[in-house]
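Asks: Shown below is the structure under consideration.
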Amino acid sequence: MASDIQDLATRIQSGDRRALARAITLAESGRADHRADADALLETLAKSQRQALRIGLSGTPGVGKSTFIEAFGLMLTGQGLRVAVLAVDPSSTRSGGSILGDKTRMEQLSRDPNAFIRPSPSQTQLGGVARRTRDAIAICEAAGFDVVLIETVGVGQSETIVADMSDLFVLLIAPAGGDELQGVKRGIMEIADMVLVNKADGDLKSTATRTVADYAGALRLMRKRTGDAPDFPKAMPVSATEGVGLAEAWADMQALAAFRKETGFWDERRADQARGWFADEVRRALLARLSSDPKAEAAMATLAEKVASGDRAPGSAAADVLALLSGAGDRAKD
Ligand code: GDP
């Protein structure tokens, strides 16, 4: 099995697309033996130290995400870059299917040999989707992609999750009249490095110009991250259908990435992200172990009642449960 994993890793690193897809499927699987293989694979791939530019992209349905990704992705592959598109879909559990990262929405890009599109894994929990997307990013980086685009819709916590896995976070919005910022939550504005006002074409062009000004003003009022690039966050108009502003947006993303690499911000952010993911994994594995250990589960139930009736204090009761786990247990499943 170990040599199979080594072989899979070698094939991924040499750009074999089937190996890439197989590895992501392995990482998405809920089976404990698949998870163990995926962990071994990711450990091997981590040694490659290859880094892509990870771009998080969020926007409400209909704003033009897939149109933008198709046009932007084709522009990048046209420059000889390799582009992967992944999705974090908070609705996939409800709908049972994915509305993001759908190949039929990015037809040309999905046929491009330098692009790889992977829809969001369907999972019962957003945390599970996040974990699998992180693995998919790592696999794509080892496979030598230059850019990994991580798409999400502006719902719930998914933007924060995506921003946490990205080097840059881009918010796509539609032109809107008035100075009300389209109900975009302050939290999202705070994590955005760029606000792209899409559909800046035809009748919507002048509205888009005003919207850009509104957002530029709002972004100026937000507190800057100390030490980050002085010109960011910024707002600019684009038209995904006409290809307007895409080259400018890409130039800005590269400039921001270069600034962050030069100043150490990039490495710091990646290190912070990695620490956070590690802590998540430890927490998740502990919880999984707890729920897969009948003795611990029984103790939890008994102690919960004792805590409820005031016979035991929560802290020391919890320590008793954890003590039951300190022996070697089965490998944690999901
Ligand atoms: P998504 O749901 O965010 O992925 O949005 P889509 O990419 O599916 O686009 C939603 C609609 O907006 C489609 O009818 C697109 O043709 C249209 N659209 C996307 N980008 C643009 C643009 O730049 N200009 C105009 N006028 N329409 C656009």
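Asks: Check THR302 against each of (1) closer than 30 Å to GLY127 by Cα; (2) in the same structural domain as ILE69 (by TED's automatic domain parsing) and name the one condition it does not meet.
Replies: All conditions are met except number (2).
Asks: If you go through the stretch 228-244, how many residues are within 25 Å of LYS261 (Cβ to Cβ) and under 24 Å from the mean Cα position of the chain (by Cα)?
Replies: Taking the stretch 228-244 and keeping what is within 25 Å of LYS261 (Cβ to Cβ), we get 228-236, 238.
Pick out the ones that are also under 24 Å from the mean Cα position of the chain (by Cα) and you get 228-229, 232-236, 238.
Residues flagged as within 25 Å of LYS261 (Cβ to Cβ) and under 24 Å from the mean Cα position of the chain (by Cα) within the stretch 228-244 amount to 8.
Asks: Identify, please: which residue in the stretch 51-108 is at pLDDT 90 or above, more than 10 Å from the ligand (Cβ to nearest atom) and in a loop (DSSP other than H, G, I, E, B) and is, among those, surrounded by the fewest Cβ atoms within 10 Å (Cβ to Cβ)?
Replies: This residue is GLY80.
Asks: Further question on the same structure: When only residues in the stretch 204-221 that are among the aliphatic types (A, V, I, L, M) and more than 16 Å from the ligand (Cβ to nearest atom) count, which is farthest from LEU171 (Cα to Cα)?
Replies: Just the residues of the stretch 204-221 that are among the aliphatic types (A, V, I, L, M), to begin with: 204, 208, 212-213, 216, 218-219, 221.
Adding the requirement that they be more than 16 Å from the ligand (Cβ to nearest atom) leaves 213, 216, 218-219, 221.
Working: ALA213: 15, ALA216: 13, ALA218: 14, LEU219: 12, LEU221: 17 Å.
So, considering only residues that are among the aliphatic types (A, V, I, L, M) and more than 16 Å from the ligand (Cβ to nearest atom), the one farthest from LEU171 (Cα to Cα) is LEU221.
The values are calculated or read from the model by the stated rules, or taken from the named source; none is laboratory data. This one's a predicted model, so the numbers in the text were calculated from it and none came from an experiment. Don't worry about glycine lacking a Cβ; one is built from the backbone with ideal geometry, like all the others, and counts go over all protein chains shown.
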